[in-house]
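The values are calculated or read from the model by the stated rules, or taken from the named source; none is laboratory data. Just so it is clear, the structure is predicted and the values come from calculations on it, not from any experiment. Here the Cβ positions follow ideal geometry from the backbone for every residue, glycine too, while neighbour counts run over all protein chains shown.
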Amino acid sequence: MKKNNLHVSILPALTLIIIQALFSSSDAAMKNPYLDSLQRNFYVEACKSKLSAAANKPDCKVGARLKDFIEWMDSIGGAPHDSVYGNALKSHYETLAGKTKYAADIKGWPLIGDASAPLTVVMYFSGTCPLCKRNFAELYWEINSGKLKGKVKIVAKPFGVNGINKALVAAHEMGRFADIMLLLARADGRVDEGTVYDIAESMFFIREKFKAIAESPAVAERVNAAYAEGKKNGVELVPTYLIGGRRYESVNNTWWIIDTMDYMVGEVVKAK
């Protein structure tokens, strides 16, 4: 009888210990079994270890970032196939630690942020792309007044030969690129050239003069050159970013774009 009472008194204590261990473990199992497997087995070449070990190494900063990224994917769920998660993680890692870098001509293009900021980001965009405008607006404020202030500068380059992109290059020529992009970001859905010209006119631009610049051979040449450069750099969709020369192709959630930029600032500063 005493033996039975002993078992009854010990079981609740064991249960409590197990629960505490599960919640305090840095590698607690996640909802998605595939992501759980990725967290444990994805090989982090930069740290010469699997992610489960890399995430706990003080000198492996990329490991902790990847672990956070996987846990975020697990929290939102919704991917139609496990390969979506795997590709997103692989792409995220390549941006953070990959060796392949791409070159871009940044001279004479719209520059957002402090010109002396250590990290340069090239953003390929299109004025016809709602996500591009929304991301631009969020990054604009983060770089000018958020945690990336003084750390990151963005150079915006059009990708796509269309009238709206030409009008935005013309806006840059007249010193108002960011102003028009921020106003376009407020518009719902896709916009047309008329929307850009209406916004420019509201800023007291002379419509005919603005349109003449947008339709000039010089602007067409610049837009064509930016498109050719983007294709050479492997750009297929917009927005696409070159963050410190590495092409960002992971999720277009601005939180993770900002997180990647923040990480890359540290890498750039460390390399100097």
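Overview of values
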| read-out | value |
| --- | --- |
| Selected residue [more than 15 Å from Asn135 (Cβ to Cβ), free of Cβ contacts under 8 Å to residues at least 12 places away in the same chain and not small (Gly, Ala, Ser)] from Lys153, Lys231, Lys166, Lys211 | Lys231 |
| Matching residues, the range 172-184, being in a helix (DSSP H, G or I) and over 25 Å from the mean Cα position of the chain (by Cα) | Glu173 |
| From the options Gly63, Gly78, residue that is of a type outside the set (A, V, I, L, M) and on the phi > 0 side of the Ramachandran plot | Gly78 |
| Output for the range 121-159, where each listed residue is buried (at least 20 other Cβ atoms within 10 Å of the Cβ) and assigned to a helix (DSSP H, G or I) | Cys132, Lys133, Asn135, Phe136, Leu139, Glu142, Ile143 |
| Residue match in the range 210-223 (condition: assigned by TED's automatic domain parsing to the domain that holds Tyr124, in contact with a strand residue (DSSP E or B) (Cβ under 9 Å, 6 or more places away or on another chain) and under 11 Å from Val169 (Cα atoms)) | yes |
| Flag for Lys166 being more than 21 Å from Met264 (Cβ to Cβ) and exposed (fewer than 13 other Cβ atoms within 10 Å of the Cβ) | no |
| Some residue of the range 39-54 being in a helix (DSSP H, G or I), touching a strand residue (DSSP E or B) at 6+ places or on another chain (Cβ under 6 Å) and surrounded by fewer than 18 Cβ atoms within 10 Å (Cβ to Cβ) | yes |
| Candidates Ala79, Ala104, Ala55, Ala46 - the one that is at pLDDT 85 or above, touching a Gly at 6+ places or on another chain (Cβ under 6 Å) and not assigned by TED's automatic domain parsing to the domain that holds Trp256 | Ala55 |
| Lone unmet requirement of (1) at pLDDT below 95; (2) in contact with a His (Cβ under 9 Å, 6 or more places away or on another chain) for Arg65 | (1) |
| Which listed residue is outside the structural domain of Lys90 (by TED's automatic domain parsing), modelled with pLDDT of 95 or more and on the phi > 0 side of the Ramachandran plot, from Gly245, Gly230 | Gly245 |
| In the range 196-208, the residues that are without any contact (Cβ under 8 Å) to a residue 24 or more places away in the chain and either closer than 16 Å to Phe177 by Cα or under 32 Å from the mean Cα position of the chain (by Cα) (or both) | Asp198, Ile199, Glu201, Ser202, Phe204, Ile206, Arg207 |
| Flag if Met123 is modelled with pLDDT under 95 and closer than 21 Å to Asp105 by Cα | no |
